[in-house]
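What follows is a single structure, written as structure tokens, with notes after it.
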Amino acid sequence: MLILLALLATQGPAQFTGNAICGDCHRNIVKRYAATTMSREGVLCENCHGPANLHAQGAARLEIPTALDPAPRDAVCAQCHFTGAARILKPNRDLARFRAGDLLTSYASSFIYVAAPEIGGGKTEQFALSRCRQKSPDLWCGSCHDTHSGKTDRTLCQSCHTPQQCNRGKDCISCHMPQNDHRIARRKTPPRSPTWQIRPFTASDNAPRELGLAYYELWTKSRNAQQQGEALRLLANLPKKDAKVTSALNSLRKAGSNQP
């Protein structure tokens, strides 16, 4: 999980203060949140609601994810829960600068496997594949998860699906989300193996630089010759002043020259 504690040192008028300040007014919520896995891993209230120093002085409001448009709302969770097969920072961007209300695509481009888009470790790409999400775009992480307590509301399924007795029990999740699979499959599906090809998760991710660097990142782990070739093709004609592109090209070419 992406931990953003470094934001406490961010310069500028809107600064992070830490959860203790939030507890001055929102004591019960902060107390419940302190027991969650996210809190124990260092995720602050402000990672989801924005910097609180001005708000604590009565000079600014915080973001409420449910009041945001779908894309920035979903980005609040995706900053930690969407890795994809590869996630590449855009030029001169830093995810530590992400604020609730921003679009994640303004900071990074994400890529998924063409043949097995669920593989990559992030829940966001899995959930995007579910029929539940595709049929109900307003459905989001907070529809099932209470982010302040960590509890999951499993009765939501019955708001769309007629309640019925199942001889396997009343827990829909154990059958339709095995091993925390957020595809919410109708029936259990065997695991798939990805091929070498990846694609952008959104249309705004379709840039040669980020796609080429994604292929390069995957190649450093797989040593797949096709990923190496695609990375070279995409990066070769880009401006050489980009240090990340230059470093990737040098590594790719060096590896190619060492092949028998």
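The values are calculated or read from the model by the stated rules, or taken from the named source; none is laboratory data. Treat the numbers as computed from the prediction; the structure is a model and nothing was measured. We place every Cβ from the backbone using ideal geometry, glycine too, and count neighbours over all the protein chains shown.
Once region 202-260 is narrowed to residues that are touching a Lys or Arg at 6+ places or on another chain (Cβ under 7 Å) and without any contact (Cβ under 8 Å) to a residue 40 or more places away in the chain, the residue that is nearest to Asp74 (Cα to Cα) is Val245. Listed by position, the helices (runs of 4 or more DSSP H) inside region 142-237 whose residues that are over 30 Å from Arg32 (Cβ atoms) and not acidic (Asp, Glu) number at least 1 are 208-222, 225-235.
The residue that is farthest from Cys77 (Cα to Cα), counting only those in region 26-45 that are assigned to a loop (DSSP other than H, G, I, E, B) and in contact (Cβ under 8 Å) with a residue 24 or more places away in the chain, is Ala35. Scanning region 112-124 for residues that are surrounded by 22 or more Cβ atoms within 10 Å (Cβ to Cβ) and at pLDDT 85 or above yields Ile112, Tyr113, Thr124. Residues in region 184-212 that are at pLDDT 85 or above and surrounded by 17 or more Cβ atoms within 10 Å (Cβ to Cβ): 10 in all. Number of residues in region 34-69 that are of a type in the set (S, T, N, Q), over 17 Å from Lys151 (Cβ atoms) and surrounded by fewer than 20 Cβ atoms within 10 Å (Cβ to Cβ) equals 2.
For region 85-102, filtering for residues that are surrounded by fewer than 18 Cβ atoms within 10 Å (Cβ to Cβ) and under 12 Å from the mean Cα position of the chain (by Cα) leaves 1. Under the condition of being loosely packed, with under 13 Cβ neighbours inside 10 Å and touching a residue at least 12 places away in the same chain (Cβ under 8 Å), the residues counted in region 131-148 number 3. Reported count of residues in region 46-97, each being modelled with pLDDT of 90 or more, of a type in the set (A, V, I, L, M) and not in a helix (DSSP H, G or I), is 8. Being over 15 Å from the mean Cα position of the chain (by Cα) and outside any loop (DSSP other than H, G, I, E, B) is a description that does not apply to Thr105. So, Leu54, is that one assigned by TED's automatic domain parsing to the domain that holds Gly23 and without any contact (Cβ under 8 Å) to a residue 60 or more places away in the chain or not? Judged against the criteria, Leu54 is a match.
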